[in-house]
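Trainee: Have a look at this one.
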Amino acid sequence: MRSPQALRNGENPSPHPRIPHFHSTVSVQKLRRFNSLGLVFRLAAFCFSLAASVFMLTNSHGSASPHWYDFDAFRFVFAANAIVAVYSLFELVASVWEISRGATLFPEILQVWFDFGHDQVFAYLLLSANSAGTAMEKALKGTDTCTATNAFCIQSDISIALGFAGFLFLGFSSLLSGFRVVSFIINGSRFHL
């Protein structure tokens, strides 16, 4: 508050007194839990996508067996899961940074929209790749290439299933990042719960 003498000396009073920025410990704990949940989802998406790409990459069982790179759909499954694994690793680093430092890696408006947009794009990429892999796997089961005990087909199935699990957790991350976007738009500033 300004002194009466300062007001008489020509200083204009501030229409809004400065209010210190205050976060209750409850909201800080909620924000930390929210960010930790996002970290868990991103870690799960990374693990499943990495495992799916490794399973597809190592899916070659001798010269008589087909190779994964002989099929466009399986190459798509490998590429999509590898891309999502790299993206999820980056997002893991960004989440750890935000939890430990209390600030986003990029300016907050950029980080919020970056997370939301990329989560959406990569979730759809995983869904389409694994759907294409499933269709290819169904087509192969109708031929002599895949029998009930064929290791190539079993490993392809495992890779596709892991990719769908990665999609599921990336979808959960997308829901959280969508919530952050809406909260950011409504509050117009720092993300609050």
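The values are calculated or read from the model by the stated rules, or taken from the named source; none is laboratory data. The model shown is predicted, which means the values in this text are computed figures rather than measured ones. Every residue, glycine among them, receives a Cβ derived from its backbone with ideal geometry; neighbour counts consider all protein chains shown.
Trainee: Answer yes if at least one residue in the range 107-127 is of a type outside the set (K, R) and not in a helix (DSSP H, G or I), and no otherwise.
Mentor: Yes, that holds for at least one residue.
Trainee: If we scan the range 78-93, do we find a residue that is outside any helix (DSSP H, G or I) and touching a His at 6+ places or on another chain (Cβ under 8 Å)?
Mentor: There is no residue in the range 78-93 that is outside any helix (DSSP H, G or I) and touching a His at 6+ places or on another chain (Cβ under 8 Å).
Yes/no per residue for (1) over 30 Å from N59 (Cα atoms); (2) touching a residue at least 60 places away in the same chain (Cβ under 8 Å); (3) among the aromatic types (F, W, Y):
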site: R101; (1), (2), (3): yes, no, no
site: T104; (1), (2), (3): yes, no, no
site: S131; (1), (2), (3): no, no, no
site: A151; (1), (2), (3): no, yes, no
site: L170; (1), (2), (3): no, yes, no
site: V181; (1), (2), (3): yes, yes, no
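Trainee: Right, something else. Quick test of your reading of the structure: R42 fulfils all but one of (1) touching an Asp or Glu at 6+ places or on another chain (Cβ under 7 Å); (2) modelled with pLDDT under 85. Name the failing condition by number.
Mentor: For R42, the failing item is (2).
Trainee: So, one more: Among (1) surrounded by fewer than 19 Cβ atoms within 10 Å (Cβ to Cβ); (2) without any contact (Cβ under 8 Å) to a residue 60 or more places away in the chain, there is one condition E108 misses while meeting the rest; what is its number?
Mentor: (2)
Trainee: From the set of residues in the range 79-99 that are free of Cβ contacts under 8 Å to residues at least 40 places away in the same chain and more than 13 Å from the chain's Cα centre (by Cα), which is farthest from L125 (Cα to Cα)?
Mentor: Taking the candidates together, the pick is W97.
Trainee: Same structure, new question: Among the listed residues V84, V121, V96, which satisfies the condition of being within 20 Å of F46 (Cα to Cα), surrounded by 19 or more Cβ atoms within 10 Å (Cβ to Cβ) and not basic (K, R)?
Mentor: Exactly one residue qualifies, and that residue is V84.
Trainee: Within the range 68-75, does at least one residue satisfy the condition of being surrounded by 19 or more Cβ atoms within 10 Å (Cβ to Cβ), assigned to a helix (DSSP H, G or I), at pLDDT below 90 and more than 12 Å from the chain's Cα centre (by Cα)?
Mentor: Step one: of the range 68-75, the residues surrounded by 19 or more Cβ atoms within 10 Å (Cβ to Cβ) are 68, 71, 73-74.
Among the residues that remain, those that are also assigned to a helix (DSSP H, G or I) are: 68, 73-74.
When the remaining residues are screened for being at pLDDT below 90, the result is 68.
With more than 12 Å from the chain's Cα centre (by Cα) added as a condition, the list becomes 68.
The answer is yes, given that some residue of the range 68-75 is surrounded by 19 or more Cβ atoms within 10 Å (Cβ to Cβ), assigned to a helix (DSSP H, G or I), at pLDDT below 90 and more than 12 Å from the chain's Cα centre (by Cα).
Trainee: Here are the criteria: (1) surrounded by 19 or more Cβ atoms within 10 Å (Cβ to Cβ); (2) in a helix (DSSP H, G or I). Tell me which single one C146 does not satisfy.
Mentor: Among (1) surrounded by 19 or more Cβ atoms within 10 Å (Cβ to Cβ); (2) in a helix (DSSP H, G or I), the lone unmet condition for C146 is (2).
Trainee: Something else about it: Against the condition surrounded by 17 or more Cβ atoms within 10 Å (Cβ to Cβ) and within 22 Å of I158 (Cα to Cα), how does S60 come out, does it pass?
Mentor: No; evaluated as a whole, the condition is false for this residue.
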